[in-house]
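The values are calculated or read from the model by the stated rules, or taken from the named source; none is laboratory data. Because the structure is a prediction, the values reported are computed rather than measured. Methodologically, a virtual Cβ is constructed for each residue, glycine included, from the backbone with ideal geometry; neighbour enumeration extends over all protein chains shown. Heavy atoms of the whole protein, side chains included, go into the accessibility calculation; ligands, DNA and RNA do not. Shrake-Rupley method; radii C 1.70, N 1.55, O 1.52, S 1.80 Å.
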Amino acid sequence: AAIASLGYVFWIVGAMEMVERLAYYGIKSVATLYAKDPVSKGGLGITMSTFGTILMTWALVQSILPVFTGGLSDRYGYKKTIFVSTIIKIIGYLVMAWFPSYWGFFWGAILLASGTAVFKPGIQGTLVKTTNRANSSMAWGIFYQTVNIGGFLGPLVAGLMRKMDWQLCRIP
């Protein structure tokens, strides 16, 4: 009965979260391999300590920025912030593809982190609005499972894409 009480918006939000996590965990799972591969093989050709700087900055932006973007979601609306975040993340992925260099990957990662920091409050707020006292715990469990499914599938898809070649993952 609790599952049947969840409206279509809940399921759309769950699907959006699953796709977002698929992309995020897909990138994160092969990013280290891409970073250390030499430029001659299509990689970035950077050291792991240099790549660590990218990952640290990525994590800081993605973790600290939602403190501020949550207020934007409340003020401007969840739909608008989810839309804006999706555009920011698409641009981040494109920057990584179009600029295969340290700075291209760095700024792409910062855009992804920023987009995620805008996305999460909007998604969480929508989730709260689509549930009630009778179904919120069960809904949260289902929602979190969508995160897990995306996190499971992302590295598998990225691994298959990696086998194709880094060059095929770039936009000409």
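Details
- Verdict on THR57 being open to solvent by less than 20 Å² (accessible area, probe 1.4 Å), among the polar types (S, T, N, Q) and touching a residue at least 24 places away in the same chain (Cβ under 8 Å): no
- Qualifying residue in segment 124-144 (condition: buried (at least 21 other Cβ atoms within 10 Å of the Cβ), touching a residue at least 40 places away in the same chain (Cβ under 8 Å) and farther than 25 Å from ALA2 by Cα): no
- Helices (runs of 4 or more DSSP H) lying entirely in segment 33-130 (those with 1 or more residues that are closer than 16 Å to MET16 by Cβ and modelled with pLDDT of 95 or more): 78-98, 102-129
- Pairs where the first residue, in segment 17-42, is more than 19 Å from VAL118 (Cα to Cα) and open to solvent by less than 50 Å² (accessible area, probe 1.4 Å) and the second is outside any helix (DSSP H, G or I) and among the β-branched types (Val, Ile, Thr), C-beta under 8 Å, 6+ apart: ALA35/ILE46
- Residue within segment 87-110 that is hydroxyl-bearing (Ser, Thr, Tyr) and either in contact (Cβ under 8 Å) with a residue 60 or more places away in the chain or crowded, with 16+ Cβ neighbours inside 10 Å (or both) present: yes
- Whether a residue is modelled with pLDDT under 90 and aliphatic (A, V, I, L, M) was assessed, and ALA23 does not pass this test.
- Matching residues, segment 60-86, being within 22 Å of ILE27 (Cβ to Cβ) and open to solvent by 80 Å² or more (accessible area, probe 1.4 Å): LEU60, SER63, ILE64, PHE83
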